[in-house]
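Input: a single structure, listed below in structure tokens.
The values are calculated or read from the model by the stated rules, or taken from the named source; none is laboratory data. In this text, all values refer to a predicted model and were calculated from it rather than measured experimentally. Glycine also receives a Cβ, built like all others from the backbone with ideal geometry; neighbour counts cover every protein chain displayed. Accessible surface areas use protein heavy atoms only, side chains included; no ligands, DNA or RNA. Shrake-Rupley method; radii C 1.70, N 1.55, O 1.52, S 1.80 Å.
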Amino acid sequence: MKALVTGISGFVGSHMAEFLLREGVEVVGTIRNRSRMDHIAHLLKDIRLAECELRDPFSVESLIGTEQPDLIFHLAAQSFVPTSWNSPIDTIHNNVAGEVNLFEAIRRFGLGTRIQIACSSEEYGQVEPDETPIRETNPLRPLSPYAISKVAQDYLGYQYHKSYGLHVVRTITFNHTGPRRGENFVTSNFAKQIVDIEKGKKPPVIYVGNLDAKRDFTDVRDVVRGYWLALEKGKPGENYNIASGKCYTISEVLALLLSFSEVKIEVKTDPARLRPSDVEILLGDYRKFNEATGWAPEIPFEKTMEDLIEYWRAQP
Ligand SMILES: Nc1nc2c(ncn2[C@@H]2O[C@H](COP(=O)(O)OP(=O)(O)O[C@H]3O[C@H](CO)[C@@H](O)[C@H](O)[C@@H]3O)[C@@H](O)[C@H]2O)c(=O)[nH]1
């Protein structure tokens with residue numbers, strides 16, 4: 001069995017590759033010439049890399065024709081919400097064109113490849129108080145260009161399944177984190193700031209944005225197991241929430257991370273970290289996915305946060 005992981009050098013891609021190797025699957029991953037390699041350096045003897053610009057249909061067609069994968073985990077994306085306000089067109093183009101190019105190549109070669117699409121709880125956007133925990137039937141009220149790009153990716157998956165019978169499973173993943181999480185994202189950003197203070201690299205002040213937002217975090221290692229199960233047991237054309245079913249305010253996340261450290265730290269709001277519109281609450285109902293695949297989260301949030309801070313402590 002051969003799996004293609006787009007964005008293999010990223011946070012989720014590197015964990016996906018580790019999971020697939022443990023399952024005995026042959027792993028090929030896409031990289032671009034400017035991809036960082038530190039997350040997958042330890043895997044290079046066991047995986048193959050293919051340089052591919054997903055935005056370029058010729059590049060994608062040549063990759064798919066050569067590799068003819070049984071499975072695709074489509075994880076490559078511009079995934080940071082604030083970047084999508086600075087470069088909305090680039091976010092939408094990158095996330096949407098890459099997926100269309102993959103679907104078109106699979107369709108043209110007539111392959112039976114099973115394809116997982118990484119959709120996002122950001123698609124739900126403005127959620128009303130009586131709508132939590134959020135089910136897949138909730139209306140989508142996206143609040144950022146990133147969310148729009150994910151709505152498009154999600155519905156393209158539906159459409160290519162209906163129009164051409166492609167085996168596409170759409171996973172709607174709520175926030176996820178763990179070791180190697182990029183330092184822009186809130187959990188890693190706070191953990192790294194704390195560790196930089198511990199190491200004396202910066203004064204004892206932690207800068208934060210909106211602490212009132214509520215998010216539902218799942219450990220990345222549980223998430224990649226979910227992506228595998230989505231293609232093993234999920235129904236083509238369907239969408240499934242992957243979530244923990246619990247949510248924390250960002251101020252609770254900050255308090256938890258601070259509790260792992262001995263140093264005294266002052267908390268300051270950095271206005272540059274506030275967004276034009278922020279999703280207030282994301283709390284997912286994962287029953288549909290559980291019923292289809294048996295998946296449930298296993299790693300508690302406290303353990304994920306401990307592993308994350310230890311990850312940053314171990315960095316040079
Ligand atoms: N990044 C960041 N966020 C902060 C900060 N302070 C508060 N926040 C708040 O923390 C929340 C989480 O921010 P992110 O970690 O940047 O994630 P996100 O915007 O929720 O998006 C993530 O989850 C999506 C799934 O819901 C993913 O699709 C997306 O790629 C990303 O992983 C947001 O409400 C944000 O305003 C800060 O200093 N930095």
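General observations
- Meets criteria (of a type in the set (Phe, Trp, Tyr) and within 24 Å of Ala243 (Cβ to Cβ)) for Trp312: no
- Flag for Leu211 being in contact with a Ser or Thr (Cβ under 7 Å, 6 or more places away or on another chain) and open to solvent by 30 Å² or more (accessible area, probe 1.4 Å): yes
- Candidates Asn95, Asn138: the one that is open to solvent by 20 Å² or more (accessible area, probe 1.4 Å), within 16 Å of the ligand (Cβ to nearest atom) and not in a strand (DSSP E or B) is Asn138.
Quick grid of which residues meet (1) among the hydrophobic types (A, V, I, L, M, F, W, C); (2) away from the ligand (no atom under 15 Å from the Cβ); (3) closer than 17 Å to Thr132 by Cα; (4) crowded, with 17+ Cβ neighbours inside 10 Å:
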{"site": "Ile242", "(1), (2), (3), (4)": "yes, no, yes, yes"}
{"site": "Val267", "(1), (2), (3), (4)": "yes, no, no, no"}
{"site": "Arg273", "(1), (2), (3), (4)": "no, no, no, no"}
{"site": "Leu283", "(1), (2), (3), (4)": "yes, no, yes, yes"}
{"site": "Glu291", "(1), (2), (3), (4)": "no, yes, no, no"}
{"site": "Glu306", "(1), (2), (3), (4)": "no, yes, no, no"}
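- Condition check for Trp295: touching a helix residue (DSSP H, G or I) at 6+ places or on another chain (Cβ under 6 Å), crowded, with 16+ Cβ neighbours inside 10 Å and over 25 Å from Lys192 (Cα atoms): yes
- Count - residues of the range 108-119 that are open to solvent by 10 Å² or more (accessible area, probe 1.4 Å) and either under 18 Å from Asn239 (Cα atoms) or within 16 Å of the ligand (Cβ to nearest atom) (or both): 2
- The set of residues in the range 248-265 being within 14 Å of the ligand (Cβ to nearest atom), in contact (Cβ under 8 Å) with a residue 40 or more places away in the chain and open to solvent by 40 Å² or more (accessible area, probe 1.4 Å) consists of Tyr248, Ser251, Leu258.
- Reported count of residues in the range 77-89, each being open to solvent by less than 50 Å² (accessible area, probe 1.4 Å) and of a type in the set (A, V, I, L, M, F, W, C), is 3.
- The combined condition, being in a loop (DSSP other than H, G, I, E, B), under 13 Å from the mean Cα position of the chain (by Cα), of a type outside the set (Val, Ile, Thr) and surrounded by fewer than 20 Cβ atoms within 10 Å (Cβ to Cβ), is fulfilled by Gly182.
- Looking across the range 185-208, the residues that are hydrophobic (A, V, I, L, M, F, W, C), more than 8 Å from the ligand (Cβ to nearest atom) and surrounded by 18 or more Cβ atoms within 10 Å (Cβ to Cβ) come down to Ala191, Ile194, Val195, Ile197, Ile206.
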